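Enquirer: Take this structure first; my questions come after.
The values are calculated or read from the model by the stated rules, or taken from the named source; none is laboratory data. This is a predicted model, so every value here is computed, not measured. For neighbour counting, all protein chains shown are included, and Cβ atoms are generated from backbone atoms with ideal geometry for every residue, glycine included.
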Amino acid sequence: MKSVLIKQFGGIENLIIGSIAKPVPKANELLVRVKAFAINRADLLQRQGKYPPPAGDSEILGLEMSGVVESAPPQSAAGFKVGDRVYGLVSGGGYGEYCTIDARNALHIPAHFTFETAAAIPEAWLTAYQAMYLVGDFQKNHTVLIHAAASGVGSALIQLAKAGGAAAIIGTAGSDEKTQWCSELGCTHTINYKNTPSFAGEVEKITQKKGVNMVFDYVGANYWNDNLKSLAMDGTMVFQGSMSGGIVKENANIANILTKRLRILGSTLRSRSIEYKQDLIQRFHKTCDPLFENGTLKPMIDKVFSVNDIQEAHRYVDSNLNKGKVVVKGFDEN
Ligand SMILES: NC(=O)c1ccc[n+]([C@@H]2O[C@H](COP(=O)([O-])OP(=O)(O)OC[C@H]3O[C@@H](n4cnc5c(N)ncnc54)[C@H](OP(=O)(O)O)[C@@H]3O)[C@@H](O)[C@H]2O)c1
């Protein structure tokens, strides 16, 4: 089958289209002809050799995809059958012409979704939902601070926080165009972090010195001190990414953790068991499907690329140009 391959770990020029063996589904897996997949930050790291797939999982890039079932186990979860439109979360393989997925981690595509829309949902929305409700303990009327708010994950968090009744949603992003976009999506306040020496100072003003109940952080090292300063008493930080690095170089003030009784929680989705993901997917499906259907929640797609332009698609995300998700049409659709 055709697939996007990594010639050698490194820059975008190493992404090539080649041929590899079609994946063979295990007993509990569906074989899916991929119609669309989406790009994630993790793909950029994997391309550079910095984020290998869990042992035993596909080496092919791609954490989410949508497509048509080519083969299904006789009694699969949710009764999937050949020809069904499905989408879901995978630990790798989404960039191929075909992809296998454990039937417990797949969902039927609702009639009102295109393949592109469905492919834009799993990784960003499940990461956001997990952060708010499984790892964190988001409650109605909480105030939240969302970093990288215009990212795929950030755009899902803003909408989930709004739908969940957050009292204030503060989003940080690196341009006025992005902060404006985040406001339109549901942020009550935004901070262009490039225009301020300290987002903590802005959070202090916005919350009248109370701080926020929850911080969702994807930036890591550079934000450590300001995140601790920004949290209210008994606040929670959910830490799911370290785009500025994982080593805090400045003097880190951990005293706030004691005095404010903070909870600092971390998680990655990819390394979770099939059973954990199944539980997360079912909870998300039950809570959010009606909200997608009535338009409260909307997968935000910035651009759709052809798989033949995979290098351009990675360049776009690498350059921090996207607001929301970047989707790629599968080989079948080109
Ligand atoms: N733990 C998990 O399970 C999990 C799962 C999925 C994603 N993630 C993490 O979630 C984050 C967002 O992922 P995504 O795929 O949704 O991202 P994305 O759409 O590619 O957007 C990432 C954005 O982050 C901002 N950014 C990049 N480097 C930065 C830095 N050094 N300091 C501040 N902001 C920076 C940029 O926007 P600006 O222009 O605003 O700077 C960039 O556009 C990533 O850290 C990713 O690794 C974690």
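Enquirer: How many residues does the stretch 122-139 hold that are more than 12 Å from the ligand (Cβ to nearest atom) and either among the acidic types (Asp, Glu) or not assigned by TED's automatic domain parsing to the domain that holds residue 165 (or both)? Break it down stepwise before answering.
Expert: Quick first cut of the stretch 122-139, residues more than 12 Å from the ligand (Cβ to nearest atom) only: 132-133, 136-139.
Those still in the list that are either among the acidic types (Asp, Glu) or not assigned by TED's automatic domain parsing to the domain that holds residue 165 (or both) too: 137.
So the count comes out to 1.
Enquirer: Just need a number here: residues in the stretch 219-247 that are aromatic (Phe, Trp, Tyr) and either within 8 Å of the ligand (Cβ to nearest atom) or outside the structural domain of residue 136 (by TED's automatic domain parsing) (or both). Steps first, please.
Expert: Step one: list which residues in the stretch 219-247 are aromatic (Phe, Trp, Tyr), which gives 223-224, 239.
In the following step, the residues that additionally are either within 8 Å of the ligand (Cβ to nearest atom) or outside the structural domain of residue 136 (by TED's automatic domain parsing) (or both) were identified as 223.
Number satisfying all stated conditions: 1.
Enquirer: Enumerate the pairs (first residue in the stretch 140-154 and in the same structural domain as residue 240 (by TED's automatic domain parsing); second residue anywhere and among the acidic types (Asp, Glu) and near the ligand (Cβ under 7 Å from one of its atoms)) with beta-carbon separation below 9 Å, excluding pairs fewer than 6 apart on the same chain, so at least 6 apart or on different chains.
Expert: 152/123; 153/123
Enquirer: Return the total of residues in the stretch 173-191 being outside any helix (DSSP H, G or I) and either of a type in the set (Gly, Ala, Ser) or touching a residue at least 40 places away in the same chain (Cβ under 8 Å) (or both).
Expert: Let us first name the residues in the stretch 173-191 that are outside any helix (DSSP H, G or I), namely 173-175, 186-191.
If we keep only those that are either of a type in the set (Gly, Ala, Ser) or touching a residue at least 40 places away in the same chain (Cβ under 8 Å) (or both) too, we end up with 173-175, 186-187, 190.
Within the stretch 173-191, residues that are outside any helix (DSSP H, G or I) and either of a type in the set (Gly, Ala, Ser) or touching a residue at least 40 places away in the same chain (Cβ under 8 Å) (or both) number 6.
Enquirer: Which of the residues spanning the stretch 118-133 are touching a Lys or Arg at 6+ places or on another chain (Cβ under 9 Å), of a type in the set (Gly, Ala, Ser) and in a helix (DSSP H, G or I)?
Expert: Once the filter is applied, which keeps residues that are touching a Lys or Arg at 6+ places or on another chain (Cβ under 9 Å), of a type in the set (Gly, Ala, Ser) and in a helix (DSSP H, G or I), the stretch 118-133 yields 118, 119, 124.
Enquirer: Taking the condition of being surrounded by fewer than 17 Cβ atoms within 10 Å (Cβ to Cβ) and in contact with a strand residue (DSSP E or B) (Cβ under 8 Å, 6 or more places away or on another chain), how many residues in the stretch 78-91 meet it? First the steps, then the outcome.
Expert: As a first pass, look at the stretch 78-91 and keep what is surrounded by fewer than 17 Cβ atoms within 10 Å (Cβ to Cβ): 78-79, 81-83.
After this cut, where a residue has to be in contact with a strand residue (DSSP E or B) (Cβ under 8 Å, 6 or more places away or on another chain) as well, the list is 78, 81-83.
Of the residues in the stretch 78-91, 4 are surrounded by fewer than 17 Cβ atoms within 10 Å (Cβ to Cβ) and in contact with a strand residue (DSSP E or B) (Cβ under 8 Å, 6 or more places away or on another chain).
Enquirer: Right, something else. When you scan the stretch 51-98, how many residues do you find that are among the polar types (S, T, N, Q) and modelled with pLDDT of 95 or more? Break it down stepwise before answering.
Expert: From the stretch 51-98, those among the polar types (S, T, N, Q) are 58, 66, 71, 75-76, 91; that's our starting set.
Within this subset, residues satisfying the condition of being modelled with pLDDT of 95 or more are 66, 71.
Qualifying residue count for the region: 2.
Enquirer: Here is a follow-up. Could you pull out every one of the strands (runs of 3 or more DSSP E) wholly within the stretch 19-115 that has 2 or more residues that are within 24 Å of residue 290 (Cα to Cα) and not acidic (Asp, Glu)? Can you show your working first?
Expert: Values: elements: 29-38, 64-71, 85-89, 98-102, 106-108.
Output list reads 29-38, 64-71, 85-89, 106-108.
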